[in-house]
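The values are calculated or read from the model by the stated rules, or taken from the named source; none is laboratory data. This one's a predicted model, so the numbers in the text were calculated from it and none came from an experiment. Cβ coordinates were reconstructed from backbone atoms using ideal geometry, including for glycine residues, and neighbour counts include every protein chain displayed. Each accessible area value is taken on the protein alone, full model and side chains, heavy atoms only, with ligands, DNA and RNA left out. Shrake-Rupley method; radii C 1.70, N 1.55, O 1.52, S 1.80 Å.
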Amino acid sequence: MPRARRSESGKLFTRAKAVLPGGVDSPVRAFGAVGGEPPFIERARGARIRDVDGRTYVDYVMSWGPLIHGHAPAGLIRALRAAAGRGTSFGAPTALEVDLARLVVRLVVSIERVRFVNSGTEATMSAIRVARAATGRDRIVKFAGCYHGHGDAFLVQAGSGATTLGVPTSPGVARGTAADTLIADYNDLASVERLCRVHRGKVAAVIVEPIAGNMGVVPPAAGFLEGLRELCDRHGAVLIFDEVISGFRAARGGAQAACGVRPDLTCLGKIIGGGLPVGAYGGRADLMAQVAPVGPVYQAGTLAGNPLAMTAGIWALSNLSAALYRRLAALGERLADGFRTAAREAGVPLTVNVAGSVLTPFFSPGPVVDYASATASDTAAYATFFRGMLRRGIYPPPSQFEGWFLSAAHSERDVDATVRAARRSLEEVAAADA
C-alpha cells in the first residue's frame, strides 16, 4: 500500500523542530493540548486564513486578539506601506509616538502618561517595577489563572492556602523572586482581603485582568473590581489592570470604561499595535513620573515606539466606533447561543462565557467563574471538538483555556457556518463519550 503523502505543513513542522524548540516560537502553537500537527499559515485576509497546503479556515484566533478589524485591512496595509517607505526604525523620537500616545490618553481615562514597549510582558514587568518603587514595598498579589506574560514574578501558582507565599512553576525562576508573589482567587474578594491583612504594609500592587482571558474568558463578578479598588485604597497598594487582551476589545476605553472602575496603572498591547509587536503601560502622572528619564525607575527599549507599530496602532484605534462594538457584541451572542443550542441537541455539557467580541466554550456543566471551575473542564472533549472544527474549515484556539476572537471581518454567515460545524463536531464528542 502506498504511503500517504505528507502535508506541506507536516514537512515544515519536521524542519522547524530541528531549529526551534518544539518547532514553534510560542508553546500553544505546537498543538500539544489538542493533538496533531499545526497548519503553517501562508496568508490571510478578512476573517480567513490559508495554510501552505491551500486549506482555508474561518479564523477565531485572530492573532490572539489584536485583529479587531480583521486580517490585512486595506487601509492599514496602505498606511504601513507608506510608513515603511520612510524607514522602519530610527531609535529616536517620532511624531507617530506622540500621536498614538495622545489617542491612548484620550480613550483610556485612567491614563495620564503612557510609555510604549514591545510586548505585553514588558508592559506588566514595568508596571510592577513602578508600583514597587512608588510604594517602597516588594510583594504583589496576582490571581490564579490570570496570565501576565512570562516575567519571573508572574510564573507562580498558589500554595496550600490563601496566605502561602508563591513558589515558582517554571524552572529558571528564582525562589526568592517567586516568594514575593501572592496568589488570590479570581472573583473572590475575601481571598484578597486575607492576603492584604496577613501581609499588611508589604503589598505593593494588585494586578488583575479585569476580564480574565487566560483561563478562558471569565467575566468579573458583580462588585469584584470595585472591591479591589477599595481594598487597594485602604491598604495603600497600586491597582494594576492588565488590559493586554481586554483593552479596546471590551470598549473603546477598555474594560475599565465598561465597568466604571479606574485603576492606578494599566497595561496594554494587542490592538494598539494593529497586529504588529507592541505593548504599553500608563496611568497616573505621579506614578509614571517614577519612570526614567524623569524618575529613577529604569526601563528602555531600542524598538519601543517603532514607527511601523505606531502607524498600525493609530490606524486601528482611529477606526474604532460604537457601531463596531455593537455589531461585534451581537455576533458574539449569536455564536455563543449557537454553541449552547448545538450542545443541548448533542447532549454535551457546555458552558459558554462571552464578553462582547470574545468568548470561550467550556466543556463543563458550569458555571465557570474562576480558575478552579475553568480547569474542571473536559480538555479531552475540547480536543475532539477542536479537531472536528479544524476538519470543517474552522480555526479555533488550540487550547480549552483561550478566548475565541471575532472581528469586523466576520459576518453572520461565518458565524452560522461555524455553528453548523460545531453541531457536527459536538456529535463526535458525544459519540466519543458514549
Among the numbered criteria (1) in a helix (DSSP H, G or I); (2) open to solvent by less than 60 Å² (accessible area, probe 1.4 Å); (3) farther than 27 Å from Gly247 by Cβ, which single criterion is violated by Pro38? (1)
Just a yes or no: is a residue in region 217-235 open to solvent by 10 Å² or more (accessible area, probe 1.4 Å) and under 20 Å from Gly149 (Cβ atoms)? no
Exception for Phe13 within (1) among the hydrophobic types (A, V, I, L, M, F, W, C); (2) farther than 24 Å from Gly149 by Cα; (3) touching a residue at least 40 places away in the same chain (Cβ under 8 Å) falls at (3)
Looking across region 239-258 at residues that are of a type in the set (A, V, I, L, M, F, W, C) and open to solvent by 10 Å² or more (accessible area, probe 1.4 Å), the single one that is farthest from Leu308 (Cα to Cα) is Ala258
Condition set in contact with a Pro (Cβ under 7 Å, 6 or more places away or on another chain) and assigned to a loop (DSSP other than H, G, I, E, B), scope region 264-289, selection most open to solvent (accessible area, probe 1.4 Å): answer is Gly275
Could you run through region 99-114 and say how many residues are open to solvent by less than 70 Å² (accessible area, probe 1.4 Å) and farther than 22 Å from Gln299 by Cα? 3
Does Val261 meet the test of being in contact with a Lys or Arg (Cβ under 7 Å, 6 or more places away or on another chain) and either on the phi < 0 side of the Ramachandran plot or crowded, with 24+ Cβ neighbours inside 10 Å (or both)? yes
Identify, please: which residue in region 49-98 is touching a residue at least 60 places away in the same chain (Cβ under 8 Å) and in a strand (DSSP E or B) and is, among those, surrounded by the most Cβ atoms within 10 Å (Cβ to Cβ)? Asp59
